[in-house]
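So the structure is just underneath, and the comments pick up after that.
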Amino acid sequence: MATRLPYPLTLTGDGLVLRDWRPDDLDDLVALLDEPDIARWTPMPSPFDQEAGLAYLRRAHQGRISGQRIQLAVTEDGERPLGEVLLFGLDAGLKEAELGYLVGAQHRRRGLASGSLSLLSTYARSTLKLGRLLLRIDPANAASIAVARRCGYRLTGEPPILQVGPYGPSSLDTWELPGDRTETRLERLKNVAARRYGRRT
Ligand SMILES: CC(C)(COP(=O)(O)OP(=O)(O)OC[C@H]1O[C@@H](n2cnc3c(N)ncnc32)[C@H](O)[C@@H]1OP(=O)(O)O)[C@@H](O)C(=O)NCCC(=O)NCCS
């Protein structure tokens, strides 16, 4: 498995084009990220102004050219950004990484987050060969939990990650996309059952 994530990258499918951020996205980025739900549930600075936007695009570009993260604007046509989807915290040894997502307030409830997360998860599994794909979600973030569920992620039994933010102390649950290992175990169980009842699956 590669230890540097690919750059540049465009992922398409389900009416979505996920593409790298560009310098001329600054105004759209600020309009998307300067928003109460994003301030509440993500580590974005608030207010998110032009200066924050410039710093964000610079950091995104750095993370992309160094191969440390995948950070893509969510678009429908490769042009106007409507949100963002990320893969970061890559551990090449453990073959695991964390994913994240956000969608601008005017573009929500149209399947953009779940479509983008599905596309990036499939790419991470099939092309990057990552076995463990993780999400960290505050249990009070109903929208994010719905996205995770819709994309097939399941709550793990890992202890909550405690953090202190501007809204006081909170905790993040870990969600995981069941993978090949789970399927193999399931198939094994099916085969055990089949042997017991004289039927092959
Ligand atoms: C979470 C977020 C990305 C969802 O984006 P979205 O594009 O509206 O999500 P989708 O349209 O793909 O919705 C997927 C599912 O979530 C449900 N959902 C979306 N918003 C919801 C809400 N506020 N409350 C309950 N369910 C919600 C949808 O109904 C859909 O459910 P379904 O599978 O039963 O149809 C968006 O609300 C957001 O950007 N929030 C702020 C940032 C954030 O919390 N990021 C995640 C940090 S862990």
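Derivation of every value follows stated rules applied to the coordinates shown; laboratory data play no part. Bear in mind that the values here come from a model prediction, so they are computed numbers and not experimental data. Don't worry about glycine lacking a Cβ; one is built from the backbone with ideal geometry, like all the others, and counts go over all protein chains shown.
At-a-glance table
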| read-out | value |
| --- | --- |
| Per-q log10 I(q)/I(0), the chain, q = 0.07, 0.14, 0.17, 0.19 Å⁻¹ (Debye; single scatterer per alpha-carbon; no solvent) | -0.23, -0.85, -1.22, -1.49 |
| Beta bridge orientation in the chain: antiparallel %, DSSP, nearest 5 | 90 percent |
| Residue-by-residue Karplus 3J(HN,Hα) for the range 114-121, coefficients 6.51, -1.76, 1.60, Hz, glycine and proline x | 5, x, 5, 5, 4, 4, 5, 5 |
| Rough spin-label spacing in nm, given labels placed 7 Å along Cα→Cβ, for Arg59 and Arg40 | 2.2 nm |
| Assigned charges on the beta-carbon of Lys, Arg, Asp, Glu; the range 10-196 dipole about Cα centre (debye) | 1240 debye |
| Within a Gaussian network of the chain (alpha carbon springs, distance under 10 Å), most fluctuating of Gly83, Gly165, Gly53 | Gly165 |
| Tilt relative to the chain, helix 50-65 - C-alpha long axis, 0 to 90 degrees, to 10 | 40 degrees |
| Distance-filtered residues of the range 34-65 - backbone nitrogen under 15 Å, label point 7 angstrom along Ala105 Cα→Cβ | 34-42, 46-49 |
| Over the chain, relative contact order from alpha-carbon pairs under 8 Å, at least 6 apart, % | 16 percent |
| The chain - mean residue ellipticity at 222 nm from DSSP helices (-39,500 (n - 2.57) per run, n ≥ 4, rounded to 500) | -11000 deg cm²/dmol |
